[in-house]
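Everything below concerns the one structure shown next.
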Amino acid sequence: MIPEAGRLLADRQARNRIQLPLLPTRFEDPQVAATAVDTLWKEKYKSGYASFRDGKMIAYLIGETASQTWGRSGYVYMPGYAVANGESSALLQDLYARLGDDWIKKGCFNHYLYISAAEANLLSALFDLGFGKERVDALIDLRSANIAEMAAPKDISIRKAVPGDNALTGSFSNIIFHALGSAPYWHPTMPEDWDELLEGWSELPDEKDWTVWLGLEGEEALGMIGFCPEEEKDTQMLASSRTIYLSVAATKPAARGRGINTALAWHGLKCAQEDGYEICYTNWISPNLLASRFWPRFGFKDVAYRVAKKVSPMIAWAKDD
């Protein structure tokens, strides 16, 4: 069934690119699209369903399960679904009903689907099933972007992080998870993960593929932003060649409101543009209000959403069958 699913996915990408032309063209090739589906199907904990009419596939849904610190979860990634042009979005609802039931039987009560922002009908169909938008993936065209020439705020200097700045970048390791753990998202980061996060942020100045910009007041880092190249992986349906990933950004709470990260963002985007990157990709958690009200101001356009549904674990025992 992989070639048929690949043809559906290639057709979906072609339709999506009418509204979202920054999406990569390579997935309009049925063979490339079939490789993406095949890659998903080779995952260890995958399962899926397809719909047929007169022997022809008209929709499919493939997901995988994983154990996270917040609970067992099921995921459908971008190549993991397609509905043929002109077919009802009810097909996706019916396929999810089967796949989701499999997940529940495996103790997976957190369900996540990545859906193209161009497919409002499918998003609406999932909202009718109790899903909500949780993450935004977005792109900006650096070839045509009007990037502001902005001076650093008063008493702030901007420079690139270098080896030896590990303590400076590490000092930001708790900012994002504190934001995600606060209202109105309340998403926990387990204490046993804090040291690993500190280690990861501290290592950024030593990563050769990364470009990290610091906003300093004297010797104290008050803001930072980090970029790295985004690879054209078999399943990465949002990245074209010459795409850079805006991966991390943070401002220390006491320094917010001074325009530090605004200046860092414009500076980083300008440098990426000058380095020959054509597209910048980023994502943020939509209930993180600091992020969701910040990044669209730079011209990032939504291209995909992660929608989420939390099922009460009580369903595992509160059944009469």
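What to note about this one:
- The set of residues in segment 138-148 being assigned to a loop (DSSP other than H, G, I, E, B) and either in contact with a Cys (Cβ under 8 Å, 6 or more places away or on another chain) or touching a residue at least 60 places away in the same chain (Cβ under 8 Å) (or both) consists of LEU142, ARG143, ALA145, ASN146, ILE147, ALA148.
- Segment 297-321, residues that are within 15 Å of the chain's Cα centre (by Cα) and open to solvent by 20 Å² or more (accessible area, probe 1.4 Å): LYS301, ASP302, TYR305, ARG306
- The residues of segment 37-55 that are in contact with a helix residue (DSSP H, G or I) (Cβ under 8 Å, 6 or more places away or on another chain) and aromatic (Phe, Trp, Tyr), listed by number, are TRP41, TYR49.
- Any hit, segment 31-46, residues being in contact with a Gly (Cβ under 8 Å, 6 or more places away or on another chain), over 19 Å from TYR114 (Cβ atoms), surrounded by fewer than 18 Cβ atoms within 10 Å (Cβ to Cβ) and modelled with pLDDT of 95 or more: yes
- Segment 50-73 residues that are closer than 16 Å to GLY6 by Cβ and open to solvent by 80 Å² or more (accessible area, probe 1.4 Å), paired with ones that are assigned to a strand (DSSP E or B) and modelled with pLDDT of 95 or more (beta carbon under 8 Å, 6 or more apart): PHE52/ILE58
- The set of residues in segment 140-161 that are open to solvent by less than 80 Å² (accessible area, probe 1.4 Å) and within 28 Å of the chain's Cα centre (by Cα) comprises ILE140, ASP141, LEU142, ALA145, ILE147, ALA148, ILE158, ALA161.
- Just one of (1) open to solvent by 50 Å² or more (accessible area, probe 1.4 Å); (2) free of Cβ contacts under 8 Å to residues at least 40 places away in the same chain; (3) more than 21 Å from the chain's Cα centre (by Cα) fails for GLY164. It is (2).
- Scan segment 173-222 for residues that are outside any helix (DSSP H, G or I), surrounded by 16 or more Cβ atoms within 10 Å (Cβ to Cβ) and among the polar types (S, T, N, Q) and the total you get is 4.
- Filter result (under 21 Å from ASN288 (Cα atoms) and of a type in the set (Lys, Arg)) within segment 114-169: LYS133, ARG135
- Within segment 89-133, tally of residues that are closer than 19 Å to GLY48 by Cα, among the hydroxyl-bearing types (Ser, Thr, Tyr) and open to solvent by 20 Å² or more (accessible area, probe 1.4 Å): 2
- Given (1) among the hydrophobic types (A, V, I, L, M, F, W, C); (2) out of contact with any helix residue (DSSP H, G or I) (no Cβ under 7 Å at 6 or more places or on another chain); (3) farther than 14 Å from VAL83 by Cβ; (4) buried (at least 16 other Cβ atoms within 10 Å of the Cβ), index of the condition MET1 fails: (4)
- Considering (1) more than 26 Å from ASN110 (Cβ to Cβ); (2) outside any helix (DSSP H, G or I); (3) among the small types (Gly, Ala, Ser); (4) in contact (Cβ under 8 Å) with a residue 40 or more places away in the chain, the lone condition that ALA263 does not fulfil carries the number (2).
- Taking the criterion of being touching a helix residue (DSSP H, G or I) at 6+ places or on another chain (Cβ under 8 Å) and among the aromatic types (Phe, Trp, Tyr), the residues of segment 269-294 that qualify are TRP284, PHE294.
The values are calculated or read from the model by the stated rules, or taken from the named source; none is laboratory data. None of these values were measured; they are calculated from a predicted model. Note: ideal-geometry Cβ built from the backbone for every residue, glycine included; neighbour counts use all protein chains shown. The protein model used for the area step is the full one, side chains on, heavy atoms only, and it has no ligands, DNA or RNA in it. Shrake-Rupley method; radii C 1.70, N 1.55, O 1.52, S 1.80 Å.
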